[in-house]
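Structure first, commentary second.
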Amino acid sequence: LVGSQVVDRSVDSVCPFCGVGCQLTYKVRDDKIVAVEGRDGPANHGRLCVKGRFGFDYVHHAGRLTFPLVRREGVAKHGDAVPPRDADWRDTFREASWDEALALAAGKLKALRDRHGPKSLAGFGSAKGTNEEAYLFQKLVRTGFGSNNVDHCTRLCHASSVAALLEGVGSGAVSNPVNDVAHAELILVIGSNPTVNHPVAATWMKNAAQSGTRIVLADPRITDIGQQAWRTLPFRPDTDVALLNAMIHTVIDEGLVNQDFIAQRTSHYEELAQSVARFSPEAMAPVCGIPAQTIREVARAFATAKAAMILWGMGVSQHVHGTDNVRCLIALCAITGQIGKPGSGLHPLRGQNNVQGASDAGLIPMMFPNYQRVDNASAHAWFEDFWGTPLDRSPGYTVVELMDKALADESDPHKLRGLYIMGENPAMSDPNLNHTRHALASLEHLVVQDIFMTETAWLADVILPASAWPEKTGTVSNTDRMVQLGRQAIDPPGDARADLWIIQQMAQRMGLQWNYEGKYHGVAAVYDEMRQAMHAAIGGIRWERLEREGSVTYPCLADDDPGQPIVFIDRFPTQDGRLRLVPTELVSADETPDADYPMVLITGRQLEHWHTGSMTRRATVLDALEPEATASLAAADLARLGVQPGERITVRSRRGEVTLRARQDDGTADGCVFIPFAYAEAAANLLTNAALDPFGKIPEFKYCAVSVQKAG
Ligand code: SF4
């Protein structure tokens, strides 16, 4: 029984939205999910947020794609005219059989590869898919397309965090799980809005605060978690490095460094100390807008806490200096010895439910599975032997770079001509959408595999109808490095198919001879091959163990290894075993406000909607709670603009404009406007800037110049 309803079955799975990885149970009646309940998983202990509890009926939405579609002959693609959500597509596409659609989808990609070379093709996988799908997809691109042109939305969220972490500590994942906040005396939450983006994780932070943990919230937007904070640091957008270097300066200046930890566990300390000498709080206070004495007070508290932990989000990573921001966080933890013990360490709060796992599985252009560099000779030789085929040695292009390559001259030998997108929506999620949509429209061949007619699918040549999360079995890895098993609760609608089956069909038609026989459409066989390729991380997590235990944390190297929630206890997985300290300089945002565009745009998510909204805006309860796009501004800015809350405003940048309702938000700083990017009818990314962090290649979603006027 669920309430007064009798259900046919209960199926244990994992929430498909954020990286917290809450375990849940689908309640199914008449092959429909009618309710969701939280389970006692290690990340949630029965808790769910509004998305996990109510965001399930998108799977039964009338707009689900239920058969393959092929673009009608002669129907042009228009990058500047994406139709409204769930518009009638029948004049643009016609139904096709799976045989016809797959033959066309793979056949044209193969023809482009044979004619123009491997670099003319690319694949975007998905952080919404399973680990097995991510692994198989990148293997298809590397062994079938013939290059490393494979990427996914990690490039849009934490790529700069991963770049800094790999460089500094030798691992791109978290050092301690979120729940470790219970053991921290102080937690620094920076560039993160956890009550919205990681709601159940935020409940653990609030519980910790109630038990005496001091929360420091450092963010240009003071969000709900600020109510629990001991100190809030509303620093000026774009000044993260100034604030953090001033904290590092204070720790050194006031003799609060952990000498033993620095001597035994780190390298390049002298360079760091020399570099931050000029970043005194007194010098940086006018830059970042935080009083020097507050910077010193917080730095002292962090350094002298028995255990202090840093959790951060995309407010840190989505800048042209995103990698530098994270280098500072690593340095702050290292010089205070706040890493490698309970309640301490570095935790980049991963966004998507499986962005950690998809990255681990090799869905990135510079790394094979388990972060083995494609240009490393021994890793390259190992994978050539393992997959039994020659492999490209050069890193591929990233998401945003590939859009530029699509619009490159005919003479460019790396011009992108064919693209296979599985479960991503770059026509909504990429920066500078007018550019992205024209790039997608210009492709000679675009194959999109998805569950809805997304803004990206409208620009496709072939659309392959895929399965939603509750319609398949597979594993995902959460922000805590837990590999968790989700089980199939219902069948896909109509003739939609499992993504793993579709990838294999594409591979076969690209000329690959794969054989993943077995139960669950071969998912266990794919997992086992991936486990071998990632032996140094998940070697001890066999499929049977996941079926038994449901969740195991890596590194886990043997069958009897319980997994390691806290890492770096004795050494760092770098070449010399030490954490490398990297000094940073002040780097300005790529586009700063001026007379024409005097305000700063910050984009992000909101509690009820997930990323480009393709799922949550089709979930009845969530859509009813937040049905319309809004822009958040401070009361002073609304007054200056002569706008009442609820009135419509037009926000313009050098790249586009959107019109939406204004919302008063006292946490948003004067001169800033915040817009969630989930709304196709007011797509925030029409405005954003595609300037990239040079290391992580992540776009600057958190800062560009805009103007705001009352609409009409
Ligand atoms: Fe799902 Fe994240 Fe909410 Fe948990 S916190 S229920 S994983 S969206």
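The values are calculated or read from the model by the stated rules, or taken from the named source; none is laboratory data. None of these values were measured; they are calculated from a predicted model. Here Cβ is always computed from backbone atoms with ideal geometry, including for glycine, and neighbour counts include all displayed protein chains. Side chains included, ligands, DNA and RNA excluded: accessible areas come from the protein's heavy atoms. Shrake-Rupley method; radii C 1.70, N 1.55, O 1.52, S 1.80 Å.
Here the calculated FRET efficiency for VAL587 and ARG663, from their Cβ-Cβ distance with R0 = 51 Å, stands at 0.95, rounded to the nearest 0.05. Expressed as a whole percent, the accessible surface of segment 640-712 that belongs to carbon and sulfur atoms is 47, based on a 1.4 Å probe.
Report the antiparallel proportion of the DSSP beta bridges in the chain as a percent, rounded to a multiple of 5. Don't skip to the answer; put the middle values down first.
On the way: 46 of 89 bridges.
Of those bridges, close to 50 percent are antiparallel.
Fully extending the segment from SER10 to GLU37, taken as 0.36 nm per residue of separation minus the present Cα-Cα distance, adds 8.8 nm. Taking Lys and Arg as +1 and Asp and Glu as -1, the other residues whose beta-carbon sits under 9 Å from that of GLN5 total +2. Taking 7 Å steps out from each Cα toward its Cβ at ARG90 and ARG545 produces label points 5.4 nm apart. In the chain, the DSSP-assigned H stretches of four residues or longer account for a calculated mean residue ellipticity at 222 nm of -8500 deg cm²/dmol, using -39500 (n - 2.57) per stretch and the full residue count as denominator.
Kindly state, to the nearest 0.05, the FRET efficiency for HIS535 paired with LYS306, given R0 = 35 Å and r defined as their beta-carbon distance. Spell out each step's value before the answer.
On the way: r = 36 Å, r/R0 = 1.03.
Given R0 = 35 Å and the Cβ-Cβ separation, E is 0.45.
For LYS110, the lysines whose Cα comes closer than 16 Å to its Cα, not counting residues fewer than 8 places off in the same chain, are LYS119, LYS139, LYS415.
Roughly how many Å² is the accessible area per residue of the chain, as a whole number, for a 1.4 Å probe?
Averaged over the residues of the chain, the accessible area is 34 Å².
Probe radius 1.4 Å, ligands and nucleic acids ignored: give me the carbon and sulfur share of the accessible area of segment 384-468 as a rounded percent.
With neighbouring chains kept in place, the figure for segment 384-468 is 47 percent.
The apolar share of the surface of segment 1-149, taken as the fraction of accessible area on carbon and sulfur atoms (1.4 Å probe, ligands and nucleic acids excluded), comes to 48 percent. Ranked from largest, the principal axis spans of the Cα set of segment 229-341 equal 36, 30, 28 Å. By the equivalent-ellipsoid construction on the alpha carbon gyration tensor, the chain comes out with semi-axes of 37, 30, 26 Å, ordered largest to smallest.
Relative contact order, whole percent, for the chain stands at 20, derived from Cα pairs under 8 Å and 6 or more residues apart.
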